[in-house]
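Peer 1: This is the structure I want to talk about, given as structure tokens.
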Amino acid sequence: MSQPTPEQLGPPSLRLEFLEVWIQGRRFPDSQDHWDRSWLNVVVRYANHGASVWTKGAILQTVGVARFRDDLDRVYRTL
């Protein structure tokens, strides 16, 4: 897989230390089905200790991202 550079992608939509996620839109933006419509096309990079691992595709759902955000918020409030 030919990877774009982070400079070509611009700032990531989400960054957590070594993990960067670029959201590029919905997989099925015109779908009327809630579950089909929630899939996101993303580019993901994990870079640490000299390794750089990339993947891309419709591998995240909006529901999962929202739950992750809510869980991070709960953890932050306990600190």
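Peer 1: With the contact rule set at Cα under 8 Å and sequence spacing of 6 or more, what percent relative contact order holds for region 6-78?
Peer 2: Averaging sequence separation for qualifying contacts and normalising by length gives 22 percent for region 6-78.
Peer 1: While we're here: Give the residue list of GluC sites (Glu not before Pro) in region 1-64 that are DSSP loop and have at most 10 other beta-carbon atoms within 10 angstrom.
Peer 2: Answer by residue number: E17.
Peer 1: Stokes-Einstein diffusion coefficient for the chain at 37 °C in a medium of 0.692 mPa s, Rh from the Kirkwood formula over Cα pairs: what value in µm²/s?
Peer 2: This corresponds to a translational diffusion coefficient of 235 µm²/s.
Peer 1: If you don't mind, another one. To the nearest 0.05, what FRET efficiency results for D30 and E7 with a Förster distance of 30 Å applied to their C-beta separation?
Peer 2: 0.45
Peer 1: Within region 1-51, which chymotrypsin sites (Phe, Trp or Tyr not before Pro) sit in a loop by DSSP and count at most 13 neighbouring Cβ atoms inside 10 Å?
Peer 2: F18
Peer 1: What 222 nm value per residue comes from the helices of the chain, counting each DSSP H run with n ≥ 4 as -39,500 (n - 2.57) and dividing by all residues, nearest 500 deg cm²/dmol?
Peer 2: For the chain, the value works out to -8500 deg cm²/dmol.
Peer 1: With θ taken as phi - 60° and the coefficients 6.51, -1.76 and 1.60, list the Karplus ³J(HN,Hα) couplings across region 10-16 in order, rounded to whole Hz; mark glycine and proline as x.
Peer 2: x, x, x, 6, 8, 9, 10
Since every read-out is calculated from the coordinates, none of them should be taken as a lab result. Bear in mind that the values here come from a model prediction, so they are computed numbers and not experimental data. Here the Cβ is made from the backbone with ideal geometry for all residues, glycine too, and neighbour counts use every protein chain on show.
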